[in-house]
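The values are calculated or read from the model by the stated rules, or taken from the named source; none is laboratory data. Predicted, not measured: the structure shown is a model, and the values here were computed from it. Positions of Cβ are generated from backbone atoms using ideal geometry, with glycine treated the same way; all protein chains shown enter the neighbour counts. Ligands, DNA and RNA are stripped out before the accessible areas are found, and what is left, the full protein with its side chains, is counted by its heavy atoms. Shrake-Rupley method; radii C 1.70, N 1.55, O 1.52, S 1.80 Å.
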Amino acid sequence: MKRQGRRPVPATGRDGARGRQTTAVFFGGVVPASPDEERLAEEVGMALAGAGFTLLHGGYNGLMEAAARGAASKGGAVTAVTLADKHGEWGAFNPYVTADVRLPDIGTRLNHYLDHADLVVAMGGGVGTLHELTAAIYYAGNIRPVPIWITGPTALGLLAYLRREKWLFETETRPLGFLRPIASAAAFAVQLHDLIPLGKAEA
């Protein structure tokens, strides 16, 4: 992954100096662990769009579709990022996608996610989601400290495991202040309000 400095998240949903919409990258799998997890993803999408974020994700079904449905319900833009030579195999995008980016390989796709992220939100999923999440944690710890919020019981369980087994630990030279576990949709909304005041954001 390339090193690239980026400015911090602005105080509103749009960067007034550049006119660039702030972007939340959503990582979540195609098979939700439960209806509650799917509902949480939808509420996350609603909160993000309500705070003025564009949603960037894989574009397919499951938790990605739930988050996109929530974002669309608040008038949010949803961009799918996929592999050009796999899109036919992986199937149609979910109906809430408003734009798409088709890239040549996994590395380019990951770099696109991370270099455009003002916030990363991760939930449960398979090995693809695991790959995305661990790449995001490495990126935030070594390249640019983009906030990474982990929510839902599956992803929170993974985070607890990584900490317990010392795959993930904090030192003076490797701070983890960018990483935040969030237990519920209500807690997510509170944290988002602290990050970007909802009253100032553009829905």
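For the chain, which span is the longest to avoid every loop-located (per DSSP) member of trypsin sites (Lys or Arg not before Pro) having at most 16 other Cβ atoms inside 10 Å?
Longest site-free region, per DSSP loop and neighbour criteria: 87-165.
Positive end of the charge dipole of the chain (Lys, Arg +1 and Asp, Glu -1 on Cβ, about the Cα centre): tell me which of Ala140, Val101, Trp167 has its Cα farthest that way.
Farthest towards the positive end: Ala140.
Given a Förster distance of 30 angstrom, what is the FRET efficiency for Ile106 paired with Val31, based on the Cβ-Cβ distance and rounded to 0.05?
For R0 = 30 Å, the calculated efficiency reads 0.90.
Name all residues of segment 143-163 having a backbone nitrogen under 17 Å from the label point set 7 Å from the Cα of Ala183 along its Cα→Cβ direction, giving them as ranges.
Backbone N within reach: 150-161.
Any idea what the dipole of the chain comes to, in debye rounded to 20, about its Cα centre with Lys/Arg Cβ at +1 and Asp/Glu Cβ at -1? Intermediate results must be reported in sequence, preceding the final value.
Numbers: 20 positive and 19 negative charges, 132 e Å.
My answer is approximately 640 debye.
Quick check: with the 1.4 Å probe, what order do Tyr138, Tyr96, Tyr161 take by accessible area, largest first? Intermediate values should be presented prior to the final figure.
Working: Tyr138 130, Tyr96 65, Tyr161 100 Å².
So, going from the largest accessible area down, we get Tyr138, Tyr161, Tyr96.
Specify whether the C-alpha gyration tensor of segment 39-84 places it in the rounded, prolate or oblate class, a ≥ b ≥ c being the square roots of the eigenvalues: rounded for a/c under 1.5, otherwise prolate if a/b is larger than b/c and oblate if not. Write down the numbers at each step before the final one.
Details: a/c = 2.54, a/b = 1.41, b/c = 1.80.
Oblate, since a/c reaches 1.5 and b/c is not below a/b.
How high is the relative contact order of segment 85-203? Use alpha-carbon pairs under 8 Å, at least six apart in sequence, and give a whole percent. The partial results should precede the final answer.
On the way: 85 pairs, mean separation 25.5, N = 119.
Over segment 85-203, the number comes to 21 percent.
Quickly work out the Ile143-to-Tyr161 label distance, labels modelled 7 Å from Cα along the C-beta direction, and quote it in nm with one decimal.
2.5 nm
Work out which GluC sites (Glu not before Pro) in the chain are exposed loop sites (DSSP not H, G, I, E or B, at most 15 other Cβ within 10 Å) and give the longest gap free of them.
Longest site-free region, per DSSP loop and neighbour criteria: 1-164.
Once ligands and nucleic acids are excluded and a 1.4 Å probe is used, how much of Asp85 is accessible, expressed in Å² to the nearest 10?
Estimated to the nearest 10 Å², Asp85 gives 120 Å².
Among Thr79, Leu63, Val31, flag the residue with its Cα farthest along the positive direction of the charge dipole of the chain, charges on Cβ as +1 for Lys/Arg and -1 for Asp/Glu.
The Cα lying farthest towards the positive end belongs to Thr79.
Label the chain by shape, choosing from rounded, prolate and oblate, from the square roots a ≥ b ≥ c of the eigenvalues of the Cα gyration tensor; if a/c is under 1.5 it is rounded, and otherwise prolate applies when a/b is larger than b/c, oblate when it is not.
Details: a/c = 1.18, a/b = 1.07, b/c = 1.10.
In terms of gyration-tensor shape, rounded.
For a test of the definition: using alpha carbon positions, the gyration tensor, and the 1.5 limit on a/c, classify segment 103-174 as rounded, prolate or oblate. Display every interim value, and only then the final one.
Numbers: a/c = 1.82, a/b = 1.25, b/c = 1.45.
Oblate.
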